[in-house]
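Notes for the one structure printed next.
Read-outs throughout are calculated quantities, based only on the coordinates presented, and are distinct from any laboratory measurement. None of the values given here were measured: they were computed from a predicted structure. Note: ideal-geometry Cβ built from the backbone for every residue, glycine included; neighbour counts use all protein chains shown.
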There are 2 protein chains.
Amino acid sequence: MIITVSRQFGSGGREVGKRLADELNLLYYDRELVTDIAEHTDLNESYVSSVLENGGFKNYAFTFGRSMPFVSPTPAPVTDVLVAQQRIIKAIGEKGNCVIVGRSADVILKDYKPFRIFVYADDDSKIARCRARAPETEHYTDKQMLKQFKEIDGGRKKLHDLLGVHPWGDKANYDMMINTTNLDIKAVIPALAEYIRQVTKK
Amino acid sequence: MIITVSRQFGSGGREVGKRLADELNLLYYDRELVTDIAEHTDLNESYVSSVLENGGFKNYAFTFGRSMPFVSPTPAPVTDVLVAQQRIIKAIGEKGNCVIVGRSADVILKDYKPFRIFVYADDDSKIARCRARAPETEHYTDKQMLKQFKEIDGGRKKLHDLLGVHPWGDKANYDMMINTTNLDIKAVIPALAEYIRQVTKK
């Protein structure tokens, strides 16, 4: 069983992925991937992180808790990172029994027929989620946050669309799309896990 | 509990709706609605059916089992039918505890905060589903079927978009979007029902 979770920034995709992994007793890959890639490519981890998050098209000095990439002054050898990323994700796919959040794993692992989830939410909900998780020292207006959401998701889209047939966020890419606006994610995880068990059982 | 099911033609949205209604012991509204509307508006039922399916923008002589509208030679007083449709769907919403398939109920009942599902599938899957359900006498090429899908869904979109803020098929409209390509709908209904129970419980 392989589950991929693509998500709008701030929608709780990471929480969905982690809780599903716990519920289904699967390995969970997210930020750890970045470390692996950095180790395999001799690239600086924070730089790699930045590339993976935004495709090397833009850097951010913004921090929303752990989700935000670091800023790197280095110019982007994007190709090296993407090649390494694909190699590592394929190795993870071969092992199987995992949840992978982001990193275009839905496309990279398509031959393994993963269950592909897309997590999204409305703007108010994403702002509230980010504020709840941000360090106390962080103060941004709603407008600033929405601008960042757009840029970060835009970076994800660009990276994904280098690889994908259907655009990032297009329903044709996914087996299920979940709107987390007003959703108690924890409460629905057992039912969601059972849905996926039914779909993926032989 | 109110569940609305919007769906691409041929994706099995009606099956999802009916089975959910059975599982959750809810009233189920679909084609029956048309009869109600016809009774309340003194319009001819087959004509009303045609208007509701395609918004009066076009008529079809095509038949895919029960899903297809009849053809009417009458010119279209669309507004009468739409007004009657809204009145009836609102009455149904007020009663609650129901599943409504199509008819823009997701928008019309938005004040009741229904759980809004969108059901979709890839073209091959929709063609296979329609062929399995078509009368033996019906013979259309894939190309003909795809053209009809596009026209029927286009009609649904037009009707929906008269009322909706977000376009038909846009994820922002829905709480969950389900891809039925290769899906055993029956097998996932209990899990889906449980998900909705969790979301809608006070």
ask   = What does a probe at A:Ala91 reach in region A:99-116, counting residues whose amide N is under 20 Å from the point 7 Å along Cα→Cβ?
value = A:99-112
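Calculate the tail of P(r) for region A:139-181: the fraction of all Cα-Cα distances greater than 13 Å, expressed in %.
Details: 581 of 903 pairs.
So the pairs more than 13 Å apart make up 64 percent of the total in region A:139-181.
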ask   = A:Asp170 versus A:Lys158, label points 7 Å from Cα toward the beta carbon: distance in nm?
value = 1.9 nm
query = Using the Karplus equation 6.51 cos²θ - 1.76 cosθ + 1.60 (θ = phi - 60°), what ³J(HN,Hα) coupling, rounded to whole Hz, does each residue of region A:136-145 give in order, writing x for Gly and Pro?
reply = 4, 7, 8, 9, 10, 6, 4, 4, 4, 5
query = Around B:Ile108, what is the net charge, scoring Lys/Arg as +1 and Asp/Glu as -1 over all other residues with Cβ under 10 Å from its Cβ?
reply = +2
ask   = Using modelled backbone amide H atoms (1.01 Å from N, in-plane), which distant-in-sequence or interchain residues come within less than 5 Å of A:Thr4's amide H?
value = A:Ile100, A:Phe115, A:Arg116, A:Ile117
